[in-house]
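The values are calculated or read from the model by the stated rules, or taken from the named source; none is laboratory data. Please read these numbers as outputs of a predicted model, since none were measured by experiment. Glycine gets a Cβ as well: all are built from the backbone with ideal geometry, and neighbour counts include every protein chain shown. For the accessible areas, the whole protein counts, side chains as well, though only heavy atoms, and no ligand, DNA or RNA atoms are used. Shrake-Rupley method; radii C 1.70, N 1.55, O 1.52, S 1.80 Å.
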Amino acid sequence: KMSKSLGNVIDPKLIIEGGKNQKTDPAFGADTLRLWVASTDYTSDVLIGNNILKQTSDSYRKLRGTLRFLMGNIGDFNPATDAVPYEQLPSFDRYALRRTADMLAEMDRAYETHQYSQVTAQLQSFTAYLSNVYLDASKDRLYVESPTGDARRCAQTVINEIVTRLLCVVAPIAPHMAEEAFTALPYEPSDASVFLRGWVDAPNEWTAGMDDEEAGFWATALAIRGEVNRAIETARGDKTLGASLEAKAVIYASDAALAKTIESRAEELKQAFIVSQFEVVSSADDVTAVCGTQCVSEITAAQAKLDGIVIGMDDGAVVKVGVCKADGAKCARCWGYFGDLGSDDRHPELCPRCTPIVIEKDPELRVPAKKAEEVAA
């Protein structure tokens, strides 16, 4: 226990600026110290030490890295001219905004009641969702689609809205980082400082525009995505697959309504799962017939109940997933697998989606197919 009379206290200046030996007493900065203060539960004994500060510093760096990634993908975006109206956004994007609205509501309550540890917990949970789900699944649109195309502009619209809210949430805890990020926005904001802008609420349409049924579908879909990722990791360990785009996901849902919904939205889910191909089968045996017995996983009704999702009304409901090598050949640009590469002689190794994008950018460019010996090398 620290005591001023015993002289065993930690000087805040030492935490911020570091000591003479930066290896033993590194400089964590003021924002890391503030983040540690916010994350502590002041209703019980407060713990601090180098290991705790290092953990807090890691959390700070993850938050900073997420902000950097978000802002790096709106460098050519101006909300005044490029933003896509909410009603034109895909369901996956509207779900991200629904999650943002829920996060803001929780943050507002936590700040109002001075529960700052809840603020940091919510912040970590939301940034984990962004990094592991939304941004991960949106990279294809951000990097592969036409720079001014609707698909990319939809993702940029959502990212910009999230950045705007995330900065106001972070500002009371990490003011230096929030102000630095605010002044680095790629367009001229309406206020001179993040602290002059104040709290930015979520529009009502972010909640009203996505009912609980649709939000529940995406919660279930993301749980299935987690099982697909688990199966892909198993396949990686067996050297069957490398990148997730090498995979074909095979899904079986015992509940007929869920199976029908998944099948009707296969294209959306293929993008969200980051796989090249997506197939819904009619029995659990069909999954193992296509994928074998190793690279499979499943969600039971009991597990779904614990996770707060619905996979069917029956107690015996199950969703079984498997992955195998995707059919076709790899597109040299987007790395997806297709059976119809080379729709244009100028680009024999590009898929039907990438070909017009490249031709629009440079109509004179011709990229011949690699010879077999070059590929082998």
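Remarks
- Compared with the alpha-carbon gap, the fully stretched path from residue 179 to residue 359 is longer by 60.7 nm at 0.36 nm per residue.
- In the stretch 1-127, the portion of solvent-accessible area held by carbon and sulfur atoms comes to 51 percent [1.4 Å probe, whole percent, DNA, RNA and ligands not counted].
- All other residues whose Cβ lies under 15 angstrom from that of residue 238 are scored, Lys and Arg at +1 and Asp and Glu at -1, for a net of +2.
- Residue-averaged 222 nm ellipticity for the chain, from DSSP H runs of 4+ at -39500 (n - 2.57), nearest 500: -16000 deg cm²/dmol
- Charge dipole (the stretch 1-133, unit charges on Cβ, about Cα centre) - positive-most of 27, 133, 95: 27
- A simple spin-label model places pseudo-atoms 7 Å from Cα toward Cβ; at residue 268 and residue 148 they are separated by 2.9 nm.
- Computed from the C-beta positions of residue 42 and residue 314, the FRET efficiency with R₀ = 41 Å rounds to 0.30.
- Looking at the chain alone, DSSP beta bridges between its own residues are antiparallel in about 80 percent of cases.
- For Rg/Rh (Cα atoms, Kirkwood Rh), computed directly from the structure shown, the correct entry in (1) 0.98; (2) 1.02; (3) 1.09 is (2).
- Maximal additional length on extending the residue 192-residue 343 stretch stands at 49.3 nm, based on 0.36 nm per residue less the C-alpha distance.
- Separation between Cα centres of the stretch 75-129 and the stretch 300-331, rounded to whole Å: 27
- Charge dipole of the stretch 17-107 (Cα centre as origin; +1 on each Lys and Arg Cβ, -1 on each Asp and Glu Cβ, all else neutral): 340 debye, rounded to the nearest 20.
- Computed from the C-beta positions of residue 302 and residue 20, the FRET efficiency with R₀ = 41 Å rounds to 0.10.
- For the stretch 208-325, a crude dipole built from +1 on the beta carbon of Lys and Arg and -1 on the beta carbon of Asp and Glu, taken about the Cα centre, is about 540 debye to the nearest 20.
- Distance-filtered residues of the stretch 80-109 - backbone nitrogen under 13 Å, label point 7 angstrom along residue 205 Cα→Cβ: 83-90, 94
- Sequence of 199, 36, 206, 335 from largest to smallest accessible area, 1.4 Å probe: 335, 199, 36, 206
- Rounded to the nearest Hz, the phi-derived 3J(HN,Hα) couplings of the stretch 50-62 under the Karplus curve 6.51 cos²θ - 1.76 cosθ + 1.60 (θ = phi - 60°) are 4, 5, 5, 5, 5, 5, 5, 4, 4, 4, 4, 5, 5, where x marks glycine and proline.
- Å² per residue, accessible surface of the chain at 1.4 Å: 53
- Of the accessible area of the stretch 223-310, computed with a 1.4 Å probe over protein heavy atoms only, carbon and sulfur atoms account for 50 percent.
- Relative contact order (percent, whole number), the stretch 253-332, Cα cutoff 8 Å, 6+ residue spacing: 35
- For the stretch 16-84, the relative contact order works out to 22 percent when only alpha carbon pairs closer than 8 Å and six or more residues apart are counted.
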